[in-house]
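Below you'll find the structure, written out as structure tokens, and then a few comments.
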Amino acid sequence: MSINELQDEIIEEFELFEDDWEGKYEYIIDLGKKLSPLAEEFKTEDNIIKGCQSVVWLNAKYENGLVIFEGDSQAIIVKGLVSMLLKVLTNHTPREILNADLYFIEKIGLTSHLAQTRSNGLASMVKQMKTYALAYQSLEK
């Protein structure tokens, strides 16, 4: 699936909750609970996202022309946010990631319902993912 198709899928899932933000938060928490934990070997200082209030680890690798992200957080809501970003951006080329307009964040209402510190953290996660993509872009043929 393309990045936009994956974003549209998330938007569709959140539309089921309409304006029920308690339900949306519960869904985000469930996504976090379903996220596979990051291997301890990747929970290093180098993999911590700077700018997040909660501890968030992000690991990236480049395989067969695609960027594969893995992430984790100690905070359950943040772990759900990480899960959504991983779903949308993992297994895409660096170019696709760099060109991605992550419109799902606004469409599901996260920009207006997250605390400022969480919004900043989310932006920091996206920035780091795009930084990895930029670094891996040099490996593309």
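Candidates His92, Thr111, Asn64 compared by Cα position along the dipole of the chain: farthest toward the positive end lies Asn64, with charges placed on Cβ. Between Gly32, Ser54, Phe14, the Cα set farthest toward the positive side of the dipole of segment 1-99 (charges on each charged residue's Cβ, about the Cα centre) is that of Ser54.
The charge dipole of the chain, taken about the Cα centre with unit charges on the Cβ atoms of Lys, Arg (+1) and Asp, Glu (-1), comes to about 640 debye, rounded to the nearest 20. Counting only lysines at least 8 places from Lys107 when in the same chain, those with an alpha carbon closer than 24 Å to its own are Lys24, Lys33, Lys34, Lys79, Lys87, Lys127, Lys130. A Cβ-based charge dipole, computed about the Cα centre of segment 1-71 with Lys and Arg at +1 and Asp and Glu at -1, lands at about 520 debye.
The chymotrypsin sites (Phe, Trp or Tyr not before Pro) of segment 35-141 meeting both criteria, a DSSP state outside H, G, I, E and B (loop) and at most 15 other C-beta atoms within 10 angstrom of the site's C-beta, are Tyr103. Between the labelled values [x] 9.2; [y] 11.2; [z] 8.1, the entry that holds mean projected area of the Cα convex hull in nm² as derived from this structure is [z]. Applying 0.36 nm per residue to the separation of Ser2 and Glu41 and subtracting their alpha-carbon distance, the gain on full extension is 11.0 nm.
Between 0 and 90 degrees, the angle of helix 76-89 with respect to the longest Cα principal axis of the chain falls at about 50 degrees. In the chain, helical runs assigned H by DSSP with n ≥ 4 each contribute -39500 (n - 2.57); averaged across all residues and rounded to the nearest 500, the mean residue ellipticity at 222 nm is -16500 deg cm²/dmol.
As an exercise, identify the GluC sites (Glu not before Pro) in segment 39-80 lying in DSSP coil whose Cβ has no more than 15 other Cβ atoms within 10 Å. In loop regions of segment 39-80 (DSSP not H, G, I, E or B), there are no sparsely surrounded GluC sites (Glu not before Pro).
Any read-out appearing in this document is the output of simple, stated calculations on the displayed coordinates, not a laboratory observation. Being a predicted model, the structure only gives us computed values, none of them experimental. With ideal geometry, Cβ positions are generated from the backbone for all residues, glycine too; neighbour counts draw on all protein chains shown.
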